[in-house]
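Enquirer: One structure is given below, represented as structure tokens, and several questions about it will come after.
The values are calculated or read from the model by the stated rules, or taken from the named source; none is laboratory data. Treat the numbers as computed from the prediction; the structure is a model and nothing was measured. Cβ coordinates were reconstructed from backbone atoms using ideal geometry, including for glycine residues, and neighbour counts include every protein chain displayed. Accessible surface areas use protein heavy atoms only, side chains included; no ligands, DNA or RNA. Shrake-Rupley method; radii C 1.70, N 1.55, O 1.52, S 1.80 Å.
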Amino acid sequence: MRTVLGVAGGIAAYKAAHIIRRLRELDHSVKVVPTANALNFVGAPTFEALSGQTVTTDVFDEIDTVNHVRIGQDAELVIIAPATANLIAKIAAGIADDLLTATVLTTTAEVVVAPAMHTEMWQNPATVANIATLRARGVHVLEPAVGRLTGPDSGPGRLPEPEDVVAYALSVADAAGSADAAPGTGHAGQSLDGRRIVISAGGTREALDPVRFLGNRSSGKQGIALARAARAAGAEVELVAANIDSGLLTDLPAGTTVTPVESTLELQTAMRASQPDADALIMAAAVADYRPEETTESKMKKTGDDGLTLRLVQNPDILRGLVDDRIGTQLIIGFAAETGDAQTTALDYARAKFERKGVDLLVFNDVSDDRAFGHDHTAVQIIGSAAGEITVGEEFQGSKDDVSQKVIATLAEQLTHLESTP
Ligand code: CTP
């Protein structure tokens, strides 16, 4: 796909280098059009080397090829990342005083804008009005992420991670029917614009007393990656976060609602409360199967040298309950990390779990021989069903972000399929 990458003059301009690389990996031709200020942050040779195309900012350069209209006319997709408040204001006003703004004014391709600026600028009524103007004209604006900004301040205004910008842009292009993303990239699929996705993540903790709990090591990174992928595809996202480190939550894109919970029963209450309005529910949390029968109100004391016996009671199966009370064509997705043994393979255990839980999709992770735990790269197979038969997808390997994009793309396809099936 012929993609134009506009880069405005902000500190996040360096992330444009990763965006170019990602687009090139996906076989896009990338014409980089920076503003003059962007070149104060990243030099033209970097953009030229990564994109393999010449880079200029001025409408009077390469005048024989009528660059200021040709680039926009040729483009099949225009991405501006980062877009500063100033650039957004110029586009909203229809100003064309450099090559990038002229390109935006001449293109008929889908335009994706990824703003990045200080929180005050993002929330200023002028910027709010300009963003509303762009959206009303059909420009696709990716919500900035919340997190550390250039100085010591933090808040909404960060450029989302390059892979999130690319995933969002490609979902826009797909939705516009102009996608030629390679199959298997994990990006192909419908947009989730207007959909509401509820994702549980992290690990539940069961209190023994005011200071102690039974818990597990789940960090919540997979759930956060899913939230980012779903948001990037245009969905409204609620993350039900079981004991996730607040530092990790800053990786969430702006506009993600976070509902913090601790125990399995709290997680169940939150998921059930959000179920009625959800188009899809994803249980990525590691849920404690048991909880102490009693929680003491004051700190437990040693009673002697004989050790301690805890009595545990079974927690509810949250996923099963969501499936039993499924609403309409609501899609319900579970995760399963399995190991095999002498009699049964990990995949066979996963198939059995798929049937037992009654989910639409089960994301199966073979953790035999420590194949996945603690590693950045992971390998999953998505189990589903078609015409009454269980289907097992090809093994898909990648980072937690890649896997999440694959899961969200599959979810989007299934939602569309379910709704079009009488
Ligand atoms: N899950 C749940 N409620 C529970 C336990 C698990 O909703 N009480 C969800 C998990 O979030 C996950 C899926 O069910 O999406 C599978 O989790 P897993 O722990 O593998 O399921 P269990 O039913 O506990 O299976 P096992 O008997 O193998 O422990």
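Enquirer: Can you find even one residue in the stretch 251-268 that is assigned to a loop (DSSP other than H, G, I, E, B), surrounded by fewer than 16 Cβ atoms within 10 Å (Cβ to Cβ) and in contact (Cβ under 8 Å) with a residue 40 or more places away in the chain? Quick ask: steps written out before the conclusion?
Expert: Start the filter on the stretch 251-268 by keeping residues that are assigned to a loop (DSSP other than H, G, I, E, B), which leaves 251-252, 254-256, 262-263.
Imposing the further condition that a residue be surrounded by fewer than 16 Cβ atoms within 10 Å (Cβ to Cβ) reduces the set to 255.
Narrowing the set further to residues that are in contact (Cβ under 8 Å) with a residue 40 or more places away in the chain leaves 255.
Yes, the stretch 251-268 contains at least one residue that is assigned to a loop (DSSP other than H, G, I, E, B), surrounded by fewer than 16 Cβ atoms within 10 Å (Cβ to Cβ) and in contact (Cβ under 8 Å) with a residue 40 or more places away in the chain.
Enquirer: Also: Just the residues that are of a type outside the set (A, V, I, L, M, F, W, C) and over 24 Å from Ala285 (Cα atoms), please, taken from the stretch 299-327. Can you show your working first?
Expert: Going residue by residue through the stretch 299-327, those that are of a type outside the set (A, V, I, L, M, F, W, C) are 299, 301-307, 309, 311, 314-317, 320-321, 324-326.
Once the filter is applied, which keeps residues that are of a type outside the set (A, V, I, L, M, F, W, C) and over 24 Å from Ala285 (Cα atoms), the stretch 299-327 yields Lys299, Lys301, Lys302, Thr303, Gly304, Asp305, Asp306, Gly307, Thr309.
Enquirer: Output the strands (runs of 3 or more DSSP E) that fall wholly within the stretch 281-338 and possess 3 or more residues being near the ligand (Cβ under 7 Å from one of its atoms), or say none. Full working, then the answer.
Expert: Values: elements: 290-292, 312-314, 331-338.
By residue number, 331-338.
Enquirer: Looking at (1) polar (S, T, N, Q); (2) assigned to a loop (DSSP other than H, G, I, E, B); (3) modelled with pLDDT of 95 or more, can you tell me which one Thr3 breaks?
Expert: The one condition Thr3 does not meet is (2).
Enquirer: Okay, moving on. Are any of the residues in the stretch 288-307 buried (at least 16 other Cβ atoms within 10 Å of the Cβ), in contact (Cβ under 8 Å) with a residue 40 or more places away in the chain and among the aliphatic types (A, V, I, L, M)?
Expert: Scanning the stretch 288-307, I find at least one residue that is buried (at least 16 other Cβ atoms within 10 Å of the Cβ), in contact (Cβ under 8 Å) with a residue 40 or more places away in the chain and among the aliphatic types (A, V, I, L, M), so the answer is yes.
Enquirer: Right, here's the next one. Would you confirm whether or not the stretch 407-415 contains a residue that is surrounded by fewer than 17 Cβ atoms within 10 Å (Cβ to Cβ) and hydroxyl-bearing (Ser, Thr, Tyr)?
Expert: As a first pass, look at the stretch 407-415 and keep what is surrounded by fewer than 17 Cβ atoms within 10 Å (Cβ to Cβ): 413.
Narrowing further to those that are hydroxyl-bearing (Ser, Thr, Tyr): none.
So far as the stretch 407-415 goes, no, none of its residues is surrounded by fewer than 17 Cβ atoms within 10 Å (Cβ to Cβ) and hydroxyl-bearing (Ser, Thr, Tyr).
Enquirer: Which condition number does Phe364 fail, the rest of (1) modelled with pLDDT of 95 or more; (2) open to solvent by 70 Å² or more (accessible area, probe 1.4 Å) being met?
Expert: (2)
Enquirer: Give the residues of the stretch 46-97 that are surrounded by 15 or more Cβ atoms within 10 Å (Cβ to Cβ), in a loop (DSSP other than H, G, I, E, B) and among the polar types (S, T, N, Q), sorted by residue number.
Expert: Thr56, Thr57, Thr84
Enquirer: Pairs please, first residue from the stretch 12-39 and more than 17 Å from Ala114 (Cα to Cα) and in contact (Cβ under 8 Å) with a residue 60 or more places away in the chain, second anywhere and assigned to a loop (DSSP other than H, G, I, E, B) and small (Gly, Ala, Ser), Cβ atoms under 8 Å, 6+ apart in sequence or on different chains.
Expert: Leu26/Ala181; Leu26/Ala182; Asp27/Ala182; Ala36/Gly9
Enquirer: Follow-up question, since we're still on this one. What do you reckon, is Gly247 out of contact with any Cys (no Cβ under 9 Å at 6 or more places or on another chain), of a type in the set (Gly, Ala, Ser) and at negative phi? I'd like the intermediate steps shown before the answer.
Expert: Working: out of contact with any Cys (no Cβ under 9 Å at 6 or more places or on another chain): yes; of a type in the set (Gly, Ala, Ser): yes; at negative phi: yes.
Yes; evaluated as a whole, the condition is true for this residue.
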